[in-house]
Amino acid sequence: MPGKLIIISGPSGAGKGSILTELINKDGYSFSVSMTTRAPRLGEVDGVNYYFVSQEEFDKTIHEDGFLEYVHKFERSYGTPKKQILEKIASGTNIILDIEMEGALNVKRLYPDAILLFVLPPNLKILHERLLGRGSESVEQIKNREKDIQKEIAEIVNYDYYVVNDEINAAVERVERIVSGEGEEYRIIDPQAIIDKYKEE
Ligand code: 5GP
């Protein structure tokens, strides 16, 4: 049986990263390493988190038709290399893409069976605490991010399923159930109700 293509998106602080890490350590799951022209952050490893490339190399890959999708965002380019994805799917491995909405929709157009999954924090207060706890951004930067949060959550209208990351093991289990086709209770039927739940009081 071919593997499944799973796209995971979500606002920063939702805990997407920890879900990805847990899943990738499981048999049958693999992470799609994107190419980017942005510089590595502290701790990021070339070939693991991203392939960090020059704009020239990125453009060359575009011309060689090497991307499944790519976007230019935040003044940087990001793209999903095509070859690794097709090979993994053919070998029966589920492949996880950590990409933003525009890319997710482009992939969905090419592969209607792709599962578009949105990760949410339990509530905005917890999101705020998680962002503060990371210690990697100033309070000012966090405030700016939080301004965008409503906009980001509104993107849920384009996704198939949502997972609330209240507790990591439970969240990973929900993702696995969705992937195996047994997670219909997590299907997004009424996106507006979810959006309303995350409105500031
Ligand atoms: P960051 O620079 O923080 O690692 O990523 C910024 C945004 O780009 C995130 O929303 C991430 O999911 C998205 N992203 C990373 N790689 C790709 C990619 O290959 N394609 C698309 N469309 N988005 C990506």
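If the viscosity is 0.890 mPa s and the temperature 25 °C, what Stokes-Einstein diffusion coefficient in µm²/s follows for the range 89-201 when Rh is the Kirkwood radius over Cα pairs?
Details: Rh = 15.6 Å.
Estimated diffusion coefficient is 158 µm²/s.
At the listed q of 0.15 Å⁻¹, the Debye profile of the chain, built from one uniform point per Cα, gives log10 I(q)/I(0) equal to -1.00. Cα convex hull, the range 76-134: 143 Å³ per residue, rounded to a whole number. Packing around the peptides 12-24, 172-184, taken as the average count of other Cβ atoms within 10 Å per residue, puts them in this order, highest first: 12-24, 172-184. Given the C-alpha centroids of the range 1-71 and the range 124-201, what is the distance between them in whole angstrom? Value for the Cα centre distance between the two parts: 20 Å. A straight Cα-to-Cα reach below 25 Å connects residue 151 with the lysines 16, 73, 108, 125, 143, 197, 199, residues fewer than 8 places away in its own chain not being considered. Working note: Debye formula, equal point scatterers on the alpha-carbon atoms of the range 1-103, no solvent; log10 I(q)/I(0) at q = 0.10, 0.12, 0.14, 0.25 Å⁻¹ is -0.27, -0.40, -0.55, -1.53. Residue ranges 140-146, 43-49 sort as 140-146, 43-49 when ordered by packing (mean number of other C-beta atoms within 10 Å per residue, highest first). Quick one: grab the alpha carbon gyration tensor of the range 137-198, order the square roots of its eigenvalues as a ≥ b ≥ c, and give me rounded if a/c is under 1.5, else prolate or oblate depending on whether a/b is larger than b/c. Because a/c hits 1.5 or more and a/b fails to exceed b/c, the range 137-198 counts as oblate.
Between 108, 82, 73, the GNM of the chain built on Cα springs shorter than 10 angstrom shows 73 fluctuating the most.
None of the figures in this text is laboratory data; all of them are computed from the coordinates on show. Note that the structure is predicted; figures quoted are calculated from it, not measured. Positions of Cβ are generated from backbone atoms using ideal geometry, with glycine treated the same way; all protein chains shown enter the neighbour counts.
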